[in-house]
1. Any chance you could get the radius of gyration and Dmax over the Cα atoms of the range 1-65, in Å?
2. Report the calculated FRET efficiency for residue 37 and residue 178 (r = Cβ-Cβ distance, R0 = 25 Å), to the nearest 0.05.
3. In the range 37-87, which trypsin sites (Lys or Arg not before Pro) fall in coil by DSSP and have 11 or fewer other Cβ atoms within 10 Å?
4. Scan around residue 115 for amide H atoms under 5 Å from its own, H built in the peptide plane at 1.01 Å from N, and keep only partners 5 or more places away or cross-chain.
5. Can you give me the distance in nm between label points at residue 60 and residue 20, each placed 7 Å from the Cα along the Cα-to-Cβ direction?
6. Report, to the nearest 10°, how far helix 164-189 tilts away from the longest principal axis of the Cα atoms in the chain, using its own Cα long axis and a range of 0 to 90°.
7. With an 8 Å cut-off on Cα pairs and a minimum separation of 6 or more residues, tell me the relative contact order of the chain in percent.
8. Could you tell me which label, among (1) 1.06; (2) 0.96; (3) 1.00, carries the value of Rg/Rh (Cα atoms, Kirkwood Rh) calculated for this structure?
Amino acid sequence: MDLVKEREKKDKAYKTMLIFGMASIVMIFAGLTSAYVISKSRPDWLKDFVLPQAFLWSTITIVVSSVTFHLAKTAIKKDNRSKTSLFLFLTLLLGVAFVMLQFYGFDQVIQAGYYFTGSESTITTSFLYVVVLVHIAHLAGGLISLLIIIYNHYKQKYNSSQSLGIELGAMYWHFLDFLWIYLFLFFTFYK
C-alpha cells in the first residue's frame, strides 16, 4: 500500500513541476506579445502584413497532432500497444511536419519581400521570427520528449496502470498546441 501512495505522490510532483514549467513558458510569451503590442505604435510598423498560408496549415497540423497524442494516451489506458505505437508515431510525424511548415512560412514571408533581420527587416517581421523560433525551440523539447516516450513505449514501460510518461508528454504537447493557436490568432487578428 505504501508503494502505491509513494508512486501517486511522485506522479503528482512530476505533474506539478510540469505545470510550473508551462507557467514560465506562458510568461515568456506574455512578455513577447506585450512587447509586440507596445511596438505597434512605431512608425515603421507594417499595418498590412498578412501571415502566409503555411502558418494556417501548420496550425491545422499541430491540432491534429494533439488529437493523435490524445488517442495514444487513450490507447495505452486500454493496454492497446499497437494503437499506442501508431498514434505516437503519427504525433511525431505531425510534429516534424509542423516545424517544416513553420520554416516554409518563413520562406513565404521572405518571398513576399519581408525580411527578419538586417537593414531590410521590419520590426513586425522580426517579432514574428523571434516568437515562432521561441515556440519551435519549446516544440523541439516536446519532440525530444516524444522520442523518449516512443523509446520507453517500445521497452514496454507503459501500460494501463503506468502511463505517467505518456500523460506528461500529452499535457506538454496540448499546452504547446494551445500556445500556438493563441499565437496564430494573435498574429492574424492583432494588427
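Read-outs: derived from the displayed coordinates by stated rules, not from any lab. What you see is a predicted model; the values in this text were computed from it and never measured. Ideal geometry is used to build each Cβ from the backbone, glycine not excepted, and the neighbour counts take in all protein chains shown.
1. Using the Cα atoms of the range 1-65, the pair Rg, Dmax is 20.4, 66 Å.
2. 0.80
3. Listed in order of number, the matching sites are 47, 78.
4. Under 5 Å from the amide H of residue 115 lie the amide H atoms of 122, each far enough along the sequence or on another chain.
5. 4.1
6. 20
7. On the way: 160 pairs, mean separation 57.0, N = 191.
With pairs under 8 Å counted, the relative contact order is 30 percent.
8. Here the calculated entry is (1).
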